[in-house]
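A.B. asks: I'd like to ask you about the structure that follows.
The values are calculated or read from the model by the stated rules, or taken from the named source; none is laboratory data. The model shown is predicted, which means the values in this text are computed figures rather than measured ones. Every residue, glycine as well, gets a Cβ built from its backbone with ideal geometry; the counts of neighbours run over all protein chains shown.
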Amino acid sequence: MSLYTAVTAGPFDRSLLKIWKGLSLDCRFATLALFLAIASTFAIGGWVSRSIENRILSRSSGVASVYISDLVSPLVQELASSDRISAERRDQLDALLVSGALRLHVVAIKVWNSSGTIVYSSSRDLVGKRFAPSQSLLNAFAGAITSEVNEPSAESAPEFSEHDAIFEVYAPVYDQNTGKVIAVAEFYEDAAELVDVVAIAKRHSWMFTFFILSCNVLGFLAVVHGASRIIDQQRDQLSQQINQLSRAVARETALRTQIERGAQNVFDENERFLRALGADLHDGPAQLIGLALLRLDDGAGGVNRTSLEQARTAIAEAMRDVRAIAAGLLLPDISGRTLEDCLAATVRNHEARTGTSVTLVCENLTTECSDQVRICVCRFIQEGLANSFRHAQGIGQRVTVVGETDFIRVTVSDSGPGMPKGRVSDGSPHLGLISLKNRLESLNGTMTVSSWPRRGTQLVARLPLKMEKPDAV
């Protein structure tokens, strides 16, 4: 292989490999099957034609051996003691080709003696000549009958001049007394019929083999094509499932991060809430109760009406503060109630506690939800109304709850002065906006805050009706 061929063969092979990899499974199978069918057709056709040719040659060899033993052998027995055939015997051999039984099949006869010399030939020019013995001639002297269809040679040229194909048979001639091989008779038959038979058999075998293999290939191709389509469909489905799984994993990862962040924020807000609650209890009811105790101590030596009145007033204020704090933390009983009943109870509690009026609108609340969702919605309304009362003096308080297909949307609004930008929590005992947002995110919900100067504030929460735990990755 030249250097140019070695260099240029690489990219060509890579191109073929790329084209092969780009073919579908059924196309690959069809290509290989077609190649194997053609190769098998030639192989089987050649084997069948050779088998037919060998059978015909074997049959012809058997016929030739009969001719030699019955017709030729008696006429050449003198070769057992001589190197030549007499003129009388040559004339008798010539007569076999003219009027005898051999004239129907044999076109020429040669007789070889043991020294490799032609002692008789239907072509007189070859008599007395010696040629290098062929393997078939040597096998015949060894006692074997051989037959073959050969190319023209120096000693068979006269026969080929009149016939397109010659069939040669070499048969040993035995001494009738001793049984030894004394000569070899070579018959030349017209092989045109043999060639035609072999050619027809070869064509028929090729056609039949190709037909059978084509039927098998088409049958297998149909099966492979169906399997290839199923594989392609399954590959597409698997790709879609992988994409869906990837998106689900991404959503789950984002949700897990959101839940973890919400849980941490809820923990922090609870800590701040507890500190604020402790400070309020210390600065409010605790101080008032302490003042009442001091007034009682002042009146321990005698009844001081003024001290008793001040103590009673301080204790009453402390009780009001404690009740206000407790009322801001407690929810109505939700067990056995529908969501609409829980919402109405929460609004009524706020109205009773603050002395304000709230408009409640509920739409499409036909689907029941879990206790977690009911608690979250009630807390959201409770905190939203508390902020509205605190910052907007309860002006235009409105609660709208709308049920969607799988979600619920809660809106708490007022008509107050609005909320300053950037303010998310006022430090009150209530959970505040950040705490509300964290609670909603822990339930896979969302919250938006909108506020307009002199037009009021609006809180909107949206969360799913049913809570589902994400599958572990």
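A.B. asks: Is it the case that some residue within the range 123-143 is farther than 20 Å from Leu79 by Cα, crowded, with 16+ Cβ neighbours inside 10 Å, at pLDDT below 85 and not aliphatic (A, V, I, L, M)?
C.D. replies: Looking through the range 123-143, at least one residue is farther than 20 Å from Leu79 by Cα, crowded, with 16+ Cβ neighbours inside 10 Å, at pLDDT below 85 and not aliphatic (A, V, I, L, M).
A.B. asks: Being more than 29 Å from Ala254 (Cα to Cα) and hydroxyl-bearing (Ser, Thr, Tyr) is the filter; apply it to the range 422-461 and report the residue that is modelled with the highest pLDDT.
C.D. replies: So in the range 422-461, the residues more than 29 Å from Ala254 (Cα to Cα) come out as 426-429, 452-457.
Among the residues that remain, those that are also hydroxyl-bearing (Ser, Thr, Tyr) are: 428, 457.
On the way: Ser428: 41, Thr457: 90.
Restricting to residues being more than 29 Å from Ala254 (Cα to Cα) and hydroxyl-bearing (Ser, Thr, Tyr), the top hit is Thr457.
A.B. asks: May I pose another question? With respect to Ala33, determine if the residue is at pLDDT below 80, among the hydrophobic types (A, V, I, L, M, F, W, C), touching a strand residue (DSSP E or B) at 6+ places or on another chain (Cβ under 9 Å) and surrounded by 12 or more Cβ atoms within 10 Å (Cβ to Cβ). Full working, then the answer.
C.D. replies: Numbers: at pLDDT below 80: yes; among the hydrophobic types (A, V, I, L, M, F, W, C): yes; touching a strand residue (DSSP E or B) at 6+ places or on another chain (Cβ under 9 Å): no; surrounded by 12 or more Cβ atoms within 10 Å (Cβ to Cβ): yes.
In short, no.
A.B. asks: Moving to a separate point now. Mind listing whichever residues of the range 373-402 are part of a helix (DSSP H, G or I), touching a residue at least 60 places away in the same chain (Cβ under 8 Å) and not polar (S, T, N, Q)?
C.D. replies: Of the residues in the range 373-402, the ones part of a helix (DSSP H, G or I) are 373-392.
If we keep only those that are touching a residue at least 60 places away in the same chain (Cβ under 8 Å) too, we end up with 373, 376-377, 379-380, 384, 387-388, 391-392.
Listed by number, the residues that qualify are Val373, Cys376, Val377, Arg379, Phe380, Gly384, His391, Ala392.
A.B. asks: Sticking with this one: Could you check the range 83-97 and list, in sequence order, the residues that are surrounded by 13 or more Cβ atoms within 10 Å (Cβ to Cβ) and part of a loop (DSSP other than H, G, I, E, B)? Talk me through it step by step, then tell me what you get.
C.D. replies: Filtering the range 83-97 down to residues surrounded by 13 or more Cβ atoms within 10 Å (Cβ to Cβ) leaves 84-85, 89-90, 92-97.
Passing the criteria: Arg84, Ile85.
A.B. asks: Can you name the number of the only condition in (1) in contact with a Gly (Cβ under 7 Å, 6 or more places away or on another chain); (2) at pLDDT 80 or above that Val358 fails?
C.D. replies: Single failed check for Val358: (1).
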